[in-house]
Every structure is written in C-alpha cells, then in structure tokens.
1. Any residue that is at pLDDT below 80 and closer than 17 Å to V187 by Cα - is there at least one of those in the stretch 91-105?
2. Are there any pairs, at least 6 apart or on different chains, whose C-beta atoms fall under 9 Å, with the first in the stretch 66-85 and on the phi < 0 side of the Ramachandran plot and the second surrounded by fewer than 18 Cβ atoms within 10 Å (Cβ to Cβ) and among the hydroxyl-bearing types (S, T, Y), and if so, which?
3. Of everything in the stretch 114-128, what is of a type outside the set (G, A, S), at pLDDT 85 or above and surrounded by fewer than 19 Cβ atoms within 10 Å (Cβ to Cβ)? Give them in sequence order.
4. Across the stretch 264-306, which residue is modelled with the lowest pLDDT among those that are among the aromatic types (F, W, Y) and farther than 20 Å from T104 by Cα?
5. Do you know which residues across the stretch 13-35 are of a type in the set (S, T, N, Q) and buried (at least 17 other Cβ atoms within 10 Å of the Cβ)?
6. Looking at the structure I just gave you, is L179 surrounded by 17 or more Cβ atoms within 10 Å (Cβ to Cβ), out of contact with any Phe, Trp or Tyr (no Cβ under 7 Å at 6 or more places or on another chain), assigned to a helix (DSSP H, G or I) and touching a residue at least 40 places away in the same chain (Cβ under 8 Å)?
7. Where residues in the stretch 1-29 are within 20 Å of R48 (Cα to Cα) and part of a loop (DSSP other than H, G, I, E, B), which of them is modelled with the lowest pLDDT?
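The values are calculated or read from the model by the stated rules, or taken from the named source; none is laboratory data. Quick caveat: nothing in here was measured; it's all calculated off a predicted structure. Quick reminder, even Gly has a Cβ in these numbers, built from the backbone with ideal geometry, and neighbours come from all protein chains shown.
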Amino acid sequence: MEDQKENRERIRIIGVPVRVILNETGVSFFQGHGRPLRKFNDSSGSSRFGFTMETIDLVWLKKMLLKGFIEKIEMRITEIARTSDVLSDAVRLIFFAMFRHRITLSLMDHIYNSPMLRAWNRANPKRSIGPGVNVPRGTVKVILKSYEERVIQILTRLRELIMDRVKLVKVNWDDKEKLIFFIDEIVRDIDPLILFTLVGSKEEDRIVMIRGIASQIVAFANMVDALDMASLLSIELASAAERSALLRVITQQNVFDILKDLSKLKPLMKESKFRGTTIVISIPRYINRSKDRLKFRLSFYNDATDADTERRLMEDFSERDGRFGPEKKLDDFFYKEGVFGDNAMRFYYLTMLRQLCEKHNIMMNSGIRAAHSSSQAFLDEGSGALVTTLSFGL
C-alpha cells in the first residue's frame, strides 16, 4: 500500500516544451522574491509574464495551481505516444485544482459568518479575516501547528465520513486503492483557512461544515468517468494532427516498416513539416464569495494543414445529436450516423463526454475557430492555425 502511494506521488517529468503564464498574484509573488520572469505574447496575442521550460514537472505544477498563481499553461505536443500519460495527468490535475477551489468558495460565506471567525476578528483586529483579505497561508499554518493533534482528528473524521458515504453510491474507479489515494489527496490539500475555522469552531458548527465538505468530495469522486472521457478526448484531439501529418508522407509500402522502427518517425514528421499541437489550458481567476461556476478551457492549436479533421469533427457534432445510449450498438452509432474513419472515435468521445457532463451538472461547450496570428510563435513559423476548444464549468 505504502509503495503504491509512493509510486503515485513520484515526480512526473516529461520533456515537452511548456510555457506557464502567471496571473497578477503569481507575478507579484515571484517578482517580490526576486525571481526573474520571461515576458512573451501568449496564444491570444497578449503580453504576459511567466516561465518557459523544456520539461514539465506535474508536482511543481500542482503546487502552483494550489497557490492560485497560474493563468494559462501552454504545452506543445509532437509525439503523442510519448506524452499521452502526462497529458492525461495534466487534464486531471486541472479538474482536481478547480474542484479543490470550488470546495473553498462554497464554504466561504459560512466561514466568514461563523461564530468562531467573528470571535477571532474581535480578539485580533489587526489580523482580522474577511472577504477581500489575503490571509497568508504561512501564518495560518503556524497557528494550526500548535493544534496539530486536533487537525489530525478532524481530517481522520472527514476521511471516515467520506468513505462511509462512498460505499452507498456507485463509483467508477479501477480499484479501491486509487479511490483512497484520491480522497487522501483531496483532504490533505484542503485550504488552511477552512481547517483553521474547523479547529476553532464549536462541535455543532464543525459537523455542518464537515458534512458539506464530505458531500462535495463524494459527488466529485463520482465524476471520474467524465474526467476519464475528457482525458481520452484530449489525447485523441492532440494525436489527430500527428496522424494527419503521417498520412501525408506514408505510402502503402513503408507503413509497416515505420511501425516496426519508430526511429523513422521523426524524419518523416520533419519531412511533412509537422509542427505539432499546442495545448493551452486557461485557468479562471479565483474570486472569494463568487457564486458563479469555475470555468476553464482546453484549447488545441493546429496549423490549417493538420486541423481539417477537427473542423469536420465540430461540423458533424453541431449537425447531429449523436446520442449513444445502452439501446444503441456502437457500429450503428458510427456508420448509420454517417461518422467514418479517423473522426469516428473522437466524435464518440465528444458525444459521451457531453452526456457525462450533463449527468454530473458540469457545464461543457465545444467549438472551432481561427487562431490569433501571434499563436504561431509557439508553434514555430506558419499561419492559418485553427483552435479546437473545450470549455468546462464546475
């Protein structure tokens, strides 16, 4: 069990070019600590500050998301076989980060109006906590350190309540260990201000908040089928351009040689002038006490040569309902609906993702448009890029 946890928590580093674009909070933090930042135009043509790296470390990325420092992440994918796992992890990581913050926002009104916090503000007027007040996490953690035993008791109680409720509902997880690891990770990363309020509250107020947190975590655990489908669709959208580029240069005679010898892949892709797909993940600005959904976007930038299948995908998707229910056979879905070839599986993923999002009350929109001309800077030279966008709201 412990070995499995260590394996899941290991640093995941993959060698793909990545740009991390900071929001105002992130820029202020790093400049205040004397950390040099790069200035560049992002995929929409706006001037931004951030980091340019040749590798992405998902553990570091998670910490940046938890601190609320990131506005956009831009990754360029040229070999989907080598990067599919990390792309899937990145999509899940963004969903998880949004959900953690959704928990915090849903509890803020209760926290600000709690008897415990009102008593704290009266006793500590120079360190009062309320809407619009940026509470340093370090300060709260120092206070919590002196109540470490009580914090452990509260988190243990929360975990037990979640596991009891999970047993009563259908959960789409491969195995119990993965579910336990997911719950442990969510509970461990709860906002320190929430813990601070839980520790200082009376028992009846604490019970209300713990039950609310447990209900949301159980609901999100049941959304894993939608996360799996979003990951699959992201990989398919990123791999479409790669397959399109290969089809431009592969002949019937050499296709099997290429499958046997992957070292021939890179020269072929270079010959086809394949630029890859730039994936842009846009993170919402965090606003305390916001009643709106947390919305974020996954955008897939391909040059016009490699994006034709995406254009057809979105045209097909907008023209057909394409519902796939238990009474339908998969062959009927593909062929009687008129969806063929390379586009068929992605059409299926997109349809199923929409249905799962509706089931879990996740807002989802999709579309395709011409990209801003400056987006080519990260794609290398060229023009005429198209961007396929998936938008989600939690």
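1. Here is the first cut: in the stretch 91-105, the residues at pLDDT below 80 are none.
Checked against the condition, which is being at pLDDT below 80 and closer than 17 Å to V187 by Cα, the stretch 91-105 yields no hits at all.
2. Short answer, once both residue conditions are applied: K67/T25; F69/T25; K72/S44.
3. First, pick out the residues of the stretch 114-128 that are of a type outside the set (G, A, S): 115-118, 120-122, 124-127.
Right, trim to at pLDDT 85 or above and you get 115-118, 120-122, 124-125.
Of everything in the stretch 114-128, those that are of a type outside the set (G, A, S), at pLDDT 85 or above and surrounded by fewer than 19 Cβ atoms within 10 Å (Cβ to Cβ) turn out to be P115, M116, R118, W120, N121, R122, N124, P125.
4. Filtering the stretch 264-306 for residues among the aromatic types (F, W, Y) gives 274, 286, 296, 300-301.
Right, trim to farther than 20 Å from T104 by Cα and you get 274, 300-301.
Values: F274: 79, F300: 87, Y301: 84.
Of everything passing the filter in the stretch 264-306, F274 is modelled with the lowest pLDDT.
5. Going through the stretch 13-35, the residues of a type in the set (S, T, N, Q) turn out to be 23, 25, 28, 31.
Listed by number, the list holds a single entry, N23.
6. Details: surrounded by 17 or more Cβ atoms within 10 Å (Cβ to Cβ): yes; out of contact with any Phe, Trp or Tyr (no Cβ under 7 Å at 6 or more places or on another chain): no; assigned to a helix (DSSP H, G or I): yes; touching a residue at least 40 places away in the same chain (Cβ under 8 Å): yes.
Taking the combined requirement at face value, the residue does not satisfy it.
7. Initial filter on the stretch 1-29 (within 20 Å of R48 (Cα to Cα)): 17-29.
Next, from what is left, pick out any that are part of a loop (DSSP other than H, G, I, E, B): 17, 23.
Working: P17: 85, N23: 92.
Taking the candidates together, the pick is P17.
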